[in-house]
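Please treat every number below as a calculation from the coordinates, not as lab data. Bear in mind the structure is a predicted one, so any value in this text is a computation, not a measurement. Backbone-built Cβ (ideal geometry, glycine too); neighbour counts: all protein chains shown.
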Amino acid sequence: MKRRPARRPSPASSALRLSLLAAIGAGGCVEDQDPADAALPDAEQLDGSVDVAPDLAVDVGPDVAPPDMILPPPDMALPDGAPPPAPCEGAAPIMTPEGTPSGAVRCPDGAIDRVAAEVCEPRVDLPACPADAEGNEGGCAEDADCTDGPHGRCVQPPLGGGIAFCACRYGCATDSDCGEDEVCICAGVVDGSSRCVPAGCDTGADCDSGECGISSAYDGCDYSVRTACRAPDDLCRTDDECREMATGDTCEYTNGWGCQFQPVCGRPLTVDGAARTAAATPRGDWRTPARPALEALSAAERRALTRWWSQIGGLEHASVASFARTTMQLLALGAPADLLADTQAAAADEVRHARLAYGLASAYAGRPLGPAPLDLHDVGLELEKAAIVTALVDEGCVGETLGAAEAGFIAEAADPTVAEVGRGLVVDESRHAGLAWRTLKWLLADEALIPVAEAALARAADRLDEADYGDGPHLPAHGLPGPDARRALHRAAFADVVRPCAEALGLRAPA
Ligand SMILES: [Fe+2]
Ligand SMILES: [Fe+2]
């Protein structure tokens, strides 16, 4: 892990650190400030235009431009009639819904590669836009409105299990239906739709490795798909690898092939190292009605904010399960009553947080949204102390602390409705983070668990160091940090809050 230059913590980070140090009885050892003042940064500290933003800007660094598309040289095209090279031993062809070859194959390890440009049906497998659709400002009303390319359809793009807007989607039958730097991925490869995608390669013939990978990741709203050459030193090939390594949820190509995590805001429920959340779905019983200002927002910005607040709602909703699991673990370990009472109270906080987040998601979507059922079929009750400490460090000490930092960003939103939600989250998430550190302190009375906690912290630090925050808009007025801002928030919270709290418990904190 790379060492970062020394930097003065922001006032918000200092306040959170003091709050957590006070929770573990180490509040007086750092700075001469009344811990009672430390739980919530005051109004001036929450004004990021003065105090927080310049400090965060130090860590952000220059924007990293996406790599140029790697266009295959014309002389590397396959001769007509030549069989495509096999990208991996034992690859199986992926067929379209019509039963014809899609041009993609699945390797035995699950990685998907493109081996040929096939002709396929230009399917768009999404429901047509209904005549009474809500929230389709700037979108389409019927297929005839979709004229930017061939095979246009006016449809309802999915949002988890729900629907937000009507929008044009364009299928493709061949690469010639797509733009200059794109290829056509047939239906059956990613989902039931065909689509033109950015192309780093057409087939394995364009790649030194012989493998032209198809990267796809579902972001809660749609699939992000592209092709890119694979290489022997890629960080991953499949989603399963990322989950096994606990370094992310999906293996996708951004600046290289690597594992990606969902954004963190609040305590995640981790199952086998991966965050588990419910999809968003149309329902009205999980929202606290909210009225953020929508007038100045484009349809694309509203979609981004719908996605962001749905993701936060999903994480808050899953936090309830995390605290429920922790409750039973603490009972099994004979924990003191105050830890149990606070853990139960925190679970109730998370229900409220989920409703606030889904309230905002619903407002941006223009229709009610809430959580689909949370898949818990494989969530066991782990009672081994080492596993409990590991989950507590991941979900509580790190997850809640980063969540509190993100809540601080939301509290600075110019939109008063969003800012009010953020201010409430700062108070609660800071308290939850303090609870996690107090619980860890109690568990570490067993000194054999110290190296377990240190290893979990080191893994968390490595994940943060290697995390790719992808692309996305920066809409601070509505509480959505862009990739650079989110990276800076997380790294500052880890350096300025997690590390000193770990050291206060006598743990060797990662550099
Ligand atoms: Fe929360
Ligand atoms: Fe929380």
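Data for the structure
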quantity	calculated
Surrounding net charge for Gly313, when Lys and Arg each add one and Asp and Glu each subtract one, Cβ distance under 9 Å	+1
Positive dipole terminus of the stretch 383-423, leading residue within Leu383, Ala411, Gly396 (C-beta point charges)	Leu383
Net length gained if the chain between Leu331 and Ala299 were fully extended (0.36 nm per residue, minus Cα distance)	6.7 nm
Note, ³J(HN,Hα) from phi for the stretch 473-482, Karplus 6.51, -1.76, 1.60, rounded to Hz, x at Gly and Pro	x, 10, 10, x, 4, 10, x, 9, x, x
Loop sites in the stretch 289-332: GluC sites (Glu not before Pro), DSSP, at most 10 other Cβ within 10 Å	Glu295
Mean Cβ count within 10 Å, highest first, over the residues of peptides 459-465, 319-325, 229-235	319-325, 459-465, 229-235
Ordering of 197-210, 326-339, 96-109 by burial proxy (mean other Cβ atoms within 10 Å per residue, highest first)	197-210, 96-109, 326-339
